[in-house]
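Novice: There's a structure below that I have some questions on.
The values are calculated or read from the model by the stated rules, or taken from the named source; none is laboratory data. Predicted model only: the values in this text are computed from it and were never measured. Neighbour counts are summed over all protein chains in view; Cβ atoms, including those assigned to glycine, are modelled from backbone coordinates with ideal geometry. The area values use the complete protein model at the heavy-atom level, side chains included, leaving out ligands, DNA and RNA. Shrake-Rupley method; radii C 1.70, N 1.55, O 1.52, S 1.80 Å.
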Amino acid sequence: MSSSDTVPATGLSTGLSLRAVGAGLLAALVGYASSVAVVIHGLTAVGASTEQVVSGLVLVGVAMGLTAMGLSLYRRKPISIAWTTPGMALLAATGAVEGGFAAAVGAFVMTGVLIVLAGLWSPLGRWIAAIPKPLANGMLAGILLKLCLAPFLAVSQAPGMALLVLATWAVVGRVARLYAVPAAVAVALGAMALDSSGGLAGGAALSGALWPGVTFVQPVFTWEAMVGIALPLFVVTMASQNIPGLAVLATYNYVPPTRPIFLATGAASALTALGGAPTVNLAAITAALCASPDADPNPARRWQAAFVGGIGYILFAGLAGVTAVMVTRSPPILIEAVAGLALVGAFGSALMGAVQVEANRTAALVTMLVTASGLSFAGVGSAFWGLLLGGAAHLLHWRPSVSQPAK
């Protein structure tokens, strides 16, 4: 990546842009509502209690907000930050590891440290970028496959709520694709709230959740969690979030240096992981909302959208308690259904990237199928084995290109 940091200014950049403010608030709303169920499902899958989920949501909101505000203000560029949605899907697919949630927290801390190292030592970032894209996409598609099936499996277990959520997603997506998942999430949360508050215990739980707290988790560092969670989480975060996020910014002629971004997001991830928070990284989808001309015709003022988006994430952190209680007290299949709808687009893109080139198709499919199988060996989850076996298949089928002799 180039370290160039210049964007031509087309006018004054000091004035407040109400258009950018609106774009930033929209980015925060879409980013949070579209995937908060994925985050909650991922944390609970690796053993987090409701209190630890609340703590993680509070701290990840603060981490996203502060890093987005700091980086966008410092660089005067729309550097949007998000949680690692594919990484949370990885946790959901991996499940509990030896050592419980404390071991998962240790893996979160190590992931943050690896991102910091990628900022300090550029070859590490280049190695991640050098992973064949079909294999990286195959691993991601395998991670997402099970969750993307959940919305349709939910119809047999909770038909009323599942069909309502699916219908909302389909109808809203027909007229306003950007709002399809947030609308489905809103309907699901409404149904969850009615279900959760139906009894005295449910109402008391929701009332107590109005003041979310932070819980310290003593990290445990185990070999299984490092190989089964930290390493795949780092690869997924870099390959599916940070690199695409940089590509989105470059599309709109923003090329910020990667070192401060990786240092800030890695350090924030490692620190807030001690409270159960997942990894934060560059946003990809919501980055376009802040970096495009829709945020402001003047490129020099679009940084305000990312700054306001950061404020929005901090405000949403205040809803962590209510959101976590409603979701964790609802049927697990419904949580998976909402999470799966949020990931359908990502699954489609990953699958297309995995199988598009015929020469790499077999290795990519091996990676995807092994990852989707849920294979666990020596305490290490399927994402690692998928990438390993897919890499072996890639090397087995690889043929060096032979240049034609000059005539």
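Novice: For the range 32-45, just list the computed ³J(HN,Hα) in residue order, Karplus coefficients 6.51, -1.76 and 1.60, θ = phi - 60°, integers in Hz, with x standing in for Gly and Pro.
Specialist: 6, 5, 6, 9, 4, 5, 5, 5, 4, 5, x, 5, 5, 5
Novice: Can you compute the FRET efficiency between Ser49 and Tyr74 using 1/(1 + (r/R0)^6), with r the Cβ-Cβ distance and R0 = 60 Å? Round to the nearest 0.05. Show your work: numbers first, answer last.
Specialist: On the way: r = 36 Å, r/R0 = 0.61.
Once the sixth-power term is evaluated, E becomes 0.95.
Novice: Moving on to the next point. Would the range 85-139 count as rounded, prolate or oblate if I go by the C-alpha gyration tensor, calling it rounded below 1.5 in a/c and otherwise prolate when a/b exceeds b/c, oblate otherwise? Write down the numbers at each step before the final one.
Specialist: Numbers: a/c = 3.10, a/b = 1.34, b/c = 2.32.
Oblate.
Novice: Quick one: Karplus J couplings for the range 52-58, per residue in order, coefficients 6.51, -1.76, 1.60, θ = phi - 60°, nearest Hz, x for Gly and Pro?
Specialist: Here the 3J(HN,Hα) series is 6, 5, 4, 4, x, 5, 4 Hz.
Novice: Compute the FRET efficiency between Arg126 and Leu153 as 1/(1 + (r/R0)^6), taking r as their Cβ-Cβ distance and R0 = 30 Å, and round to the nearest 0.05.
Specialist: Values: r = 40 Å, r/R0 = 1.34.
Taking R0 as 30 Å, the efficiency between Arg126 and Leu153 is 0.15.
Novice: Can you figure out the FRET efficiency of Gln356 with Ala167, using R₀ = 30 Å and their beta-carbon distance, to the nearest 0.05? Numbers along the way, then the final one.
Specialist: Working: r = 32 Å, r/R0 = 1.07.
Here the calculated transfer efficiency is 0.40.
Novice: Assuming 0.36 nm per residue, please report the length gained on full extension of the stretch Gln218 to Leu178 beyond their Cα-Cα distance. Spell out each step's value before the answer.
Specialist: On the way: separation 40, 0.36 × 40 = 14.40 nm, distance 3.90 nm.
Once the chain is fully extended between Gln218 and Leu178, it gains 10.5 nm.
Novice: If you don't mind, there's one more thing I want to ask. For the range 293-305, take each phi angle, set θ = phi - 60°, evaluate the Karplus expression 6.51 cos²θ - 1.76 cosθ + 1.60, and give the result in whole Hz per residue in order, putting x for glycine and proline.
Specialist: x, 5, 6, 5, x, 8, x, 6, 10, 6, 4, 5, 5
Novice: Of all accessible surface on the range 38-189 at a 1.4 Å probe, what whole percent is carbon and sulfur? It would help to have the intermediate numbers written out before the result.
Specialist: Values: 3930 of 5700 Å².
So the carbon and sulfur contribution to the accessible surface is 69 percent.
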